[in-house]
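Written out below as structure tokens is the structure these notes cover.
Bear in mind that the values in this text are calculations on the coordinates, not laboratory data. Remember, predicted model here, so these are calculated numbers, not experimental data. Neighbour counts run over all protein chains shown; Cβ positions are idealised from the backbone, glycine included.
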């Protein structure tokens with residue numbers, strides 16, 4: 001029997017509506033499951049840009065943190081009882097939440113800004129790998145110990161230090177057996193999802209989650225609002241029309257550029273610039289960079305008004321000649337010839353709390369370039 005076209009159209013519309021309704025219902029179920037014991041939330045943490053976590057408050061200063069991966073954590077005030085009959089999938093974290101094993105590097109700057117490094121006892125990065133001065137100093141003093149990288153943690157050391165929480169980046173998803181082992185020995189795991197935030201300040205707003213853990217919500221909100229002010233000042237200006245190439249040169253001489261639409265390119269746009277690549281990379285993939293043969297990169301980026309070199313991979317550069325040594329084709333670039341080359345300091349990607357200030361730096365580069373700028377908070381000019 002032949003089905004009439006209008007019947008097929010009707011069935012298609014019903015299917016689409018069902019899918020959309022199902023997605024909306026799943027989202028509703030993710031964020032509004034509650035404790036499962038009949039308690040009603042009294043308020044929720046105000047979030048401006050973050051989309052991958054929320055926190056709901058209950059009577060008695062209990063806070064339920066929900067992460068976009070479906071995990072939930074009930075923060076219980078010190079000396080308060082654990083509520084009865086809560087859902088079995090909720091992980092209980094009793095304050096003070098301390099002796100943390102921190103394997104997510106992007107979170108260290110947030111703890112540092114909250115003056116809460118004393119909550120961290122164990123690190124997944126060695127002292128020399130930190131560009132956050134206080135974190136490095138704490139490790140050199142022995143206040144924070146190296147407990148192995150995320151993929152090979154020192155379980156005995158972690159257990160001996162009575163760790164009550166492991167904070168991991170999404171890299172832990174590549175070694176799920178590590179997460180399973182940590183939980184098996186009684187260490188709760190929180191997988192930080194800030195890298196999935198669509199807005200740069202969504203990443204910074206994760207400081208509020210750590211404010212909930214440490215009991216410093218007010219300070220977290222104050223610090224976050226400072227970054228909003230920096231961003232608003234820059235984003236409120238007209239687009240400069242200046243084009244920008246953001247990349248580094250790998251050991252093979254190829255260019256590794258940021259994928260179009262990622263948080264770095266969005267910071268460039270918020271600052272009034274235009275990323276030179278309009279549709280670089282596959283939006284469906286989680287990777288934030290794309291490797292290009294130099295000839296292909298050259299064809300698009302040669303005429304960029306500004307080069308911002310990402311020194312966080314191969315080390316900082318000290319001169320334009322250092323850059324050109326990476327690949328001689330760079331000598332022909334418009335930005336190189338005009339002296340409009342800036343190098344990112346190695347602390348940028350660990351300073352998640354300062355992304356609003358970074359946007360302000362970029363805006364100054366685009367608008368005050370002729371005023372003799374040579375050094376900003378996160379960048380310096382190559383000469």
nm² value of the averaged projected area, convex hull over the Cα atoms of the range 239-381: 7.9
When only alpha-carbon atoms count, how far does the range 307-377 stretch along each of its three principal axes, as whole angstroms with the largest first? 36, 28, 15
Find, to one decimal place in angstroms, the Kirkwood hydrodynamic radius of the chain, where the mean of 1/r is taken over every pair of different Cα atoms and then inverted. 23.0
Dimensionless Rg/Rh of the range 160-287, both radii on Cα and Rh by Kirkwood, sits at 1.06
Provide the percentage of antiparallel DSSP beta bridges, counting only those with both residues in the chain; round to the nearest 5. 50
Roughly how far apart, in whole Å, are the Cα centres of the range 75-146 and the range 251-326? 33
The range 152-220 pair-distance distribution - Cα-Cα, 10 Å bins, rounded %: 18, 41, 32, 9
Given a Förster distance of 22 angstrom, what is the FRET efficiency for residue 282 paired with residue 49, based on the Cβ-Cβ distance and rounded to 0.05? 0.35
Just grab the label-to-label distance for residue 184 and residue 252, each label 7 Å out from Cα along the Cβ direction, in nm (one decimal). 3.7
When only alpha-carbon atoms are used, what values of Rg and Dmax, in angstrom, describe the range 96-196? 12.3, 34
Restricting to the range 233-383, what percent of DSSP beta bridges are antiparallel, rounded to 5? 50
Sequence gap at least 6, Cα distance under 8 Å: using those rules, report the relative contact order of the chain to the nearest whole percent. 13
Let me have the 222 nm mean residue ellipticity of the chain computed from DSSP H runs of 4+ only, each contributing -39500 (n - 2.57), with the sum over all residues rounded to the nearest 500. -10000 deg cm²/dmol
Contour minus end-to-end for residue 82 and residue 159, with contour as 0.36 nm per residue of separation and end-to-end as the Cα-Cα distance? 25.4 nm
